[in-house]
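Have a look at the structure below before the remarks.
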Amino acid sequence: MRIAIGGFQHETNTFAPSKADYAAFAQSDSWPALQSGPALLTAFTGMNVPVAGFIAAATKAGHTLKPLVWCSATPSAHVTEDAFERIAAMTLDALEGSAPIDAVYLDLHGAMVTEHLDDGEGELLARVRAAIGTDIPLVASLDLHANVTPQMVAEADALIGYRTYPHVDMAETGARAAAHLDSIFAGLPRQAKAMRKLDYLIPLTSQCTLIEPAQHLYAHLAKIEGQMRGNGRVSSASFTTGFPPVDIADCGPTVIAYADTQAAADDAADALAAEVAAAEPRFREKLWSAREAVAYAIANADGGHGPIVLADTQDNPGAGGNGDTIGILAELIAQGAPRAALGVLYDPESAGAAAQAGEGAQVRLALGAKTGGAPDEKPIDAEFEVVRITDGEFLATGPFYGGSRMSLGVTARLRIGGVEVVVASRKAQCADREMLRHTGLEPANLAILVVKSSVHFRADFGPLAREVLVVESPGPNIADLSKLPYKRLRKGIRVMPMGAGFGG
Ligand SMILES: [Zn+2]
């Protein structure tokens, strides 16, 4: 079969300060730059990206792939109208040029908001559908953070969502989309669709699929696929937990099911939605203040093996933070925490000054709080011992960053009392043990570890952690969604699990 493939990925935070323009999609970040033509088919080989999994599976099945356009940009505020229209036009032009085709696959995120559209993916899918007509299958993969809309479901034959956060199954999801297309080619009857929107938002930190309740919800979801419900078989089921900082009516978790009969699709979607609804109290995670989290961790410091891990989620550089707020660090020092460490604080000036002073020296620093991420904070003005200086170059070994060469610039490991800080010259989410270990700091030996990360740290630090506390310390990635100035959500939706209804 001849399959046209493309992708257009953006996770839009409508509360973020800067927009994604065409240049943001054209350039590379942690993913490749915009790809088109034959290069698209080889640019992703071996990567954990949906289109890579799709290409590998479809090629193995013997299909001919016709490249459209694939691009992505780092999460930010709205995609500009110019960027969306240019990329959509490039996609449609390439689609026209690839005729005749038997199917289309798109690698989408599902939470794209543009300057002129609340539902970027719904519009793109509608334009592709208008171009190919109703008989050619159109299948897309979606991020677990998709805010799925009725238009997206209406225009696509199937939407296939990730099932992990940290997202370790992106390539696998692309392969599942290829397998779904293969079953259509093999004669799967046109599938009935059912979609259910849940009526509460789920904060990012409690969406993690390594912990409950998401863990059991996804385990059950996988079992529903292939089941007979009444006289219809369920071909595909997805649960997207949603991306909450998005002020649109369709923001929030969604369940989607596809089956041979409408009754079977409805039954599967209702069953899944009921489970997600029942899990609402368990998605409500305690948010600790820095003071109480540090006091608790100190009181329990000698209670077992491995550190108590404090997630400094609001200053997560993977979600808009600068990685330099000092709320939790100041508490560790003030309360005299033993065997404690923080990773990774972004402060090139202090790292440079420590390097200049040299290992073993005592150096007076104004540490952190320099970039304005928390306007009320001031740097920590104190004397630190320089324990170790590195060039910040090392190989990540954990499951999230696994295999990437990290480059943090001049990095200093500093000590004050029982508290150590790894200070880097570049921003990075602390989600790999080597980010500490390359300075000689062994996380397994700590009593208390603070990470500037929301969820991805759990992939590598989770197995070490005795307990994880999510801490609400200064930073722009607001954890308590009831503090966001939403205006356009659906009336009645609860912005926090078990919280008050919006607009009522
Ligand atoms: Zn995601």
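All of the numbers you see were taken from the coordinates with simple rules; none came from a lab. Quantities reported herein were computed from a predicted structural model and do not represent experimental measurements. Note that we place each Cβ from the backbone using ideal geometry, even for glycine, and neighbour counts take in every protein chain shown.
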Once you keep just the Cα pairs under 8 angstrom separated by 6 or more residues, what percentage relative contact order results for region 155-269?
33
What would the Debye formula give as log10 I(q)/I(0) at q = 0.05, 0.07, 0.08 Å⁻¹ for the alpha-carbon point model of the chain, no solvent?
-0.20, -0.39, -0.51
Give the value in nm², to one decimal: projected area of the alpha carbon convex hull of region 95-227, averaged over all directions.
9.4
So, in Å, what gap is there between the alpha-carbon centers of region 373-426 and region 1-48?
30
May I ask for the distance between the Cα centers of region 430-446 and region 93-143, given as a whole number of Å?
43
Span-rule helices in the chain, defined as complete DSSP H runs reaching 20 Å or more along the axis (Cα) with Kyte mean at least -0.5
81-97, 170-185, 262-278
Please report the base-10 log of the normalised intensity I(q)/I(0) for region 2-125, using a Debye sum with one equal scatterer per alpha carbon and no solvent, at each q in 0.15, 0.18, 0.20 (1/Å).
-0.64, -0.91, -1.10
Starting from the Cα gyration tensor of region 357-504, take the square roots of the eigenvalues, sort them a ≥ b ≥ c, and report rounded, prolate or oblate (rounded when a/c is under 1.5, otherwise prolate if a/b is larger than b/c, else oblate).
prolate
Here, region 69-169 modelled as identical Cα point scatterers in vacuum has Debye log10 I(q)/I(0) at q = 0.15, 0.20, 0.22 Å⁻¹ of -0.61, -1.07, -1.27
Charges at C-beta only: +1 for Lys and Arg, -1 for Asp and Glu. How large is the resulting dipole of region 251-378 about its Cα centre, in Debye rounded to 20?
660
Can you find, among Ser350, Pro307, His456, the residue farthest towards the positive end of the dipole of the chain? Put +1 on the C-beta of Lys and Arg, -1 on that of Asp and Glu.
Pro307
Nearest-5 percent of antiparallel DSSP beta bridges in the chain?
45
Longest to shortest principal axis, alpha-carbon extents of region 168-251, angstrom:
40, 28, 24
Per 5 Å bin, what percent of the C-alpha pairs of region 224-269 does each bin hold, from zero upward?
5, 25, 24, 13, 12, 11, 7, 2, 0
Length-normalised contact order for the chain - Cα pairs under 8 Å, 6+ apart - percent
14
Based on the alpha-carbon gyration tensor of region 281-320 and its eigenvalue square roots a ≥ b ≥ c, which shape applies: rounded if a/c is under 1.5, prolate if not and a/b is larger than b/c, or oblate?
prolate
Once Ala61 and Ala126 are pulled to full extension, the length gained, defined as 0.36 nm per residue separation minus their Cα-Cα distance, is 20.6 nm
dims of region 212-354, Cα set, principal axes, largest to smallest, nearest Å -> 69, 35, 24
Classify region 409-468 as rounded, prolate or oblate, taking a ≥ b ≥ c as the square roots of the eigenvalues of its Cα gyration tensor: rounded when a/c is under 1.5, otherwise prolate if a/b is larger than b/c and oblate if not.
oblate
